[in-house]
Structure formats: structure tokens, C-alpha cells
Amino acid sequence: MNSYEDYTKLFDALSHPMRVKIVGILAGGRKYVSELAKELEMSRPLLYMHLKKLEGASLVVDSYEISETGKTMRFFELKPFDIHLSPSTLQDLAATIPIDAQKSK
């Protein structure tokens, strides 16, 4: 995490309880998309929407494998991360935000 944009993506990704739930489940190990959708009782399209947001924040990564039957299987897992947030971190980030960026939001 090097910029306020990185933190903005992180905060946005973790602002939804279901995405926090997904991160918690994936902390236990990688999951096949259909398996994860079933565990969350969620449609795959909705799950993909959440996973895309987590990918954009560099929290998860996907990989593909071919099953014995020849079916392509998509797996997701957490990327290693250790996030430390403190008032001084936010102060340092705030100093890097251009005034124009603050006015446009």
C-alpha cells in the first residue's frame, strides 16, 4: 500500500459485510467458485461482483485448473497482506492527496 488510492480501494472493498465474510472464508484456504457460492448461499454472478472488488484491492487472486473431466475450474485465494492503519498513516496519506481530488468528490 503506497498511495491513498490503494487505501481507498481497500476501504471500499471491505466496506461490505459480505466481502469481509469472503475474506474470512478464504483465510482458511483457497476455494473453488461454486464451492464458495454454495457456502455463502449466493449466486455466482453476485459472488463474482464481490470477488472483482476484492481483486481490485489486491486482496484476492484467482487461478484456473482443469478437472479430471476436462472442466476449467476457477479458484480464489487470499494474497498475503498485513495492513497497519494508524492516525499517522492517514496523516501521511492525506498529505499526498491533491486538492483537486478532494474537490471533485
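Each reported figure results from applying straightforward, stated rules to the coordinates on display, with no laboratory input. Please read all numbers here as calculations on a predicted model, not as lab measurements. For neighbour counting, all protein chains shown are included, and Cβ atoms are generated from backbone atoms with ideal geometry for every residue, glycine included.
A few points about this structure:
- Dipole of the chain, positive direction: furthest Cα of Gly56, Leu40, Pro80, with charges on the beta-carbon: Leu40
- Spacing of the two label points (7 Å from each Cα toward its C-beta) at Ile97 and Lys21, in nm: 3.0 nm
- On Cα atoms only, tilt of 4-13 relative to the major axis of the chain in degrees: 40 degrees
- Helix-derived mean residue ellipticity, 222 nm - over the chain, DSSP H n ≥ 4, -39500 (n - 2.57), to 500: -15500 deg cm²/dmol
- Looking at region 49-102, the trypsin sites (Lys or Arg not before Pro) that sit in a DSSP loop and have at most 11 other Cβ atoms within 10 Å of their own Cβ are Lys71.
- Here the chain is treated with +1 on each Lys and Arg Cβ and -1 on each Asp and Glu Cβ, and its dipole about the Cα centre works out to around 320 debye.
- FRET efficiency estimate (nearest 0.05) - Cβ-Cβ, Thr8 to Tyr64, R0 30 angstrom: 0.55
- Dividing the alpha-carbon radius of gyration of region 4-94 by the rule-of-thumb value 2.2 N^0.38 Å gives 1.22.
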